[in-house]
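To start, the structure under review is shown below, and the notes come after it.
The values are calculated or read from the model by the stated rules, or taken from the named source; none is laboratory data. Keep in mind that what you see is a predicted model, and the values were worked out from it rather than measured. All Cβ positions, glycine included, derive from the backbone under ideal geometry; neighbour counts span all protein chains shown. Surface areas here come from the heavy atoms of the whole protein model, side chains and all, with no ligands, DNA or RNA. Shrake-Rupley method; radii C 1.70, N 1.55, O 1.52, S 1.80 Å.
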Amino acid sequence: MRNIVILISGSGSNMAAIVRAAQQGRWTERLNAQVAAVLSNRAEAEGLAFAKDHGIPTQVLDHKTFASREDFDAALMAEIDRHAPDLVVLAGFMRILTPGFVAHYAGRLLNVHPSLLPAFPGLNTHQRAIDAGCRFAGATVHQVTVDLDHGPILAQAVVPVLPGDTADILAARVLTQEHLIFPHAVAQFLA
């Protein structure tokens, strides 16, 4: 069985979309793959309850309790590796990862970013798209490299930026597309 470990920091809506897709798409039978664990850097991450309710082991590693980013990433790698991951998925994991972490999972580390990369890497993507006068925005699933929000693009979805959009309204529109393309990209990657 190929194991997927998902990292979250908040609501876990993309993680939930992947878990639902895995169940509905019978990934265990079709792809010999399963979501083996969900890890978070925040104990209050709402997505942990969803994972537990679906019988998925969870673990919290609070990044604030570590002396350095490197120490946190080393502990996180040790916890992830306990599940022998074939794929590590960043589903709203709001931490910049060290080069050592990225290298350790090279070729098997995926992320979803709420912009049409290479445009608007980093934070505040929706407001930046509105401020730039973009007529379209979207989401990108990509392999993670040491360069923030770069790496081979696996999937993208486009949404219109409408007159009167706020960052929150645009974010909600983009998120609906993330929930579609992220599970599909994970399944394609495993296939």
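From the set of residues in the range 155-188 that are in contact with a Leu (Cβ under 7 Å, 6 or more places away or on another chain) and open to solvent by less than 70 Å² (accessible area, probe 1.4 Å), which is farthest from Leu97 (Cα to Cα)? Filtering the range 155-188 for residues that are in contact with a Leu (Cβ under 7 Å, 6 or more places away or on another chain) and open to solvent by less than 70 Å² (accessible area, probe 1.4 Å), the one farthest from Leu97 (Cα to Cα) comes out as Val161.
Those strands (runs of 3 or more DSSP E) of the range 1-71 in which 2 or more residues are of a type in the set (A, V, I, L, M, F, W, C) and within 15 Å of the chain's Cα centre (by Cα) occupy 2-8, 33-40.
For Val102, indicate whether it is more than 28 Å from Gly25 (Cα to Cα), of a type in the set (A, V, I, L, M) and either modelled with pLDDT under 95 or touching a Cys at 6+ places or on another chain (Cβ under 8 Å) (or both). No; evaluated as a whole, the condition is false for this residue. All of Ala119, Ala167, Ala155, Ala75 fail the test of being under 27 Å from Ala191 (Cα atoms) and of a type in the set (Gly, Ala, Ser), apart from Ala155. Contact map, the range 20-47: residues that are crowded, with 17+ Cβ neighbours inside 10 Å paired with residues that are of a type in the set (Phe, Trp, Tyr), Cβ distance under 6 Å, separation 6+ or inter-chain. Pairs shown: Ala33/Trp27.
A count restricted to the range 72-88 and to residues that are surrounded by fewer than 13 Cβ atoms within 10 Å (Cβ to Cβ) and assigned to a helix (DSSP H, G or I) stands at 1.
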